[in-house]
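Structure, as structure tokens:
The values are calculated or read from the model by the stated rules, or taken from the named source; none is laboratory data. Quick caveat: nothing in here was measured; it's all calculated off a predicted structure. All Cβ positions, even for glycine, are placed from backbone atoms using ideal geometry, and neighbour counts span all protein chains on display. Each accessible area value is taken on the protein alone, full model and side chains, heavy atoms only, with ligands, DNA and RNA left out. Shrake-Rupley method; radii C 1.70, N 1.55, O 1.52, S 1.80 Å.
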Amino acid sequence: MTIFSYKASATATVSSALVGLAALMVGAGCTVGPGFQRPAPPAVTGYTREPLPAKTASAKIAGGEEQSFVPNRDIPAQWWTLFRSEPLNALIEKALKANPTLVAAQAALRQAVEIVYAQEGAFFPTLQASFSPSRQKASNTFSPPLNTDQLIYSLFTTQVTVGFTPDVFGGNRRQVESLKAQVDFQRFQLQAAYLTLTSNVVGAAVQEASLRAQIAAAKEIIQIITNSLGLVRRQFDLGYAARIDVAA
């Protein structure tokens with residue numbers, strides 16, 4: 001009776017294992033949530049509502065030649081070097097090193113990438129091992145725990161744990177896809193911070209140069225008018241000009 005009972009129990013255990021394995025294989029075809037589909041890009045051809053003109057207006061001054069708009073052309077990442085201005089390059093380099101927003105965006109991107117790596121670790125088995133040595137001494141009132149009569153001995157304890165959770169319904173895969181989307185978002189955030197910083201610095205530098213040029217032009221005009229006034233006063237002192245000319 002004991003042998004028969006053992007065989008029946010073993011048969012039931014094997015049957016349960018087969019049923020569980022079949023259910024696992026059937027459930028492997030099911031995933032949590034729909035598969036990610038990349039959305040189509042917007043149907044636009046430019047950044048402005050109206051198309052840009054082929055060329056800009058020109059002026060009869062130094063550097064006033066007409067400019068052309070060339071679409072679908074790639075520019076280098078360090079686009080400000082096209083101005084060929086060493087002071088501007090040094091200013092941009094200083095701004096990139098000292099801007100806290102750019103540093104925070106870089107740190108956020110690194111964090112997002114590491115989180116993806118951590119989540120992808122769920123696809124693989126987990127192995128944990130530990131080793132604990134100890135030095136112990138038994139009491140004289142008890143018999144020695146070893147086969148010898150030594151009361152002082154060393155004890156080494158090792159432990160290995162292996163665990164694995166199969167991603168049957170695809171929940172972990174969907175989580176990884178979501179975290180990868182966060183990585184793309186942080187990467188675009190970094191690019192936006194980089195482009196915003198460099199464009200603001202270049203725009204401020206160009207505006208400062210324009211204001212300095214306007215100030216220099218205004219000072220030159222004032223100097224010319226002052227010299228003209230001096231000439232008119234000289235003519236008035238010599239009797240070649242009237243007082244109304246001096247007032248004008």
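For segment 224-242, how many residues meet the condition of being assigned to a helix (DSSP H, G or I) and open to solvent by 100 Å² or more (accessible area, probe 1.4 Å)?
So the count comes out to 6.
Here's a check for you: in segment 36-79, which residue that is of a type in the set (G, A, S) and open to solvent by 100 Å² or more (accessible area, probe 1.4 Å) is nearest to R174 (Cα to Cα)?
Step by step, filter segment 36-79, then rank; the result is A43.
So, V246, is that one surrounded by 10 or more Cβ atoms within 10 Å (Cβ to Cβ), over 26 Å from the mean Cα position of the chain (by Cα) and among the β-branched types (V, I, T) or not?
yes
So, of the residues in segment 82-108 that are assigned to a helix (DSSP H, G or I) and of a type in the set (K, R), which turns out to be surrounded by the most Cβ atoms within 10 Å (Cβ to Cβ)?
K94
From the residues in segment 124-151 that are outside any loop (DSSP other than H, G, I, E, B) and either of a type in the set (G, A, S) or surrounded by 10 or more Cβ atoms within 10 Å (Cβ to Cβ) (or both), which one is farthest from the chain's Cα centre (by Cα)?
Of everything passing the filter in segment 124-151, Q136 is farthest from the chain's Cα centre (by Cα).
Scan segment 179-223 residue by residue and report those that are open to solvent by 60 Å² or more (accessible area, probe 1.4 Å) and either under 30 Å from A122 (Cβ atoms) or not in a helix (DSSP H, G or I) (or both).
Hits for segment 179-223 are K180, Q182, D184, F185, R187, F188, Q189, Q191.
If I filter segment 114-122 for residues that are among the aromatic types (F, W, Y), open to solvent by 80 Å² or more (accessible area, probe 1.4 Å) and touching a residue at least 60 places away in the same chain (Cβ under 8 Å), do I get at least one hit?
No: segment 114-122 contains no residue that is among the aromatic types (F, W, Y), open to solvent by 80 Å² or more (accessible area, probe 1.4 Å) and touching a residue at least 60 places away in the same chain (Cβ under 8 Å).
If you go through segment 58-83, how many residues are at pLDDT 80 or above, over 28 Å from the mean Cα position of the chain (by Cα) and closer than 18 Å to V206 by Cβ?
Total satisfying the criteria: 5.
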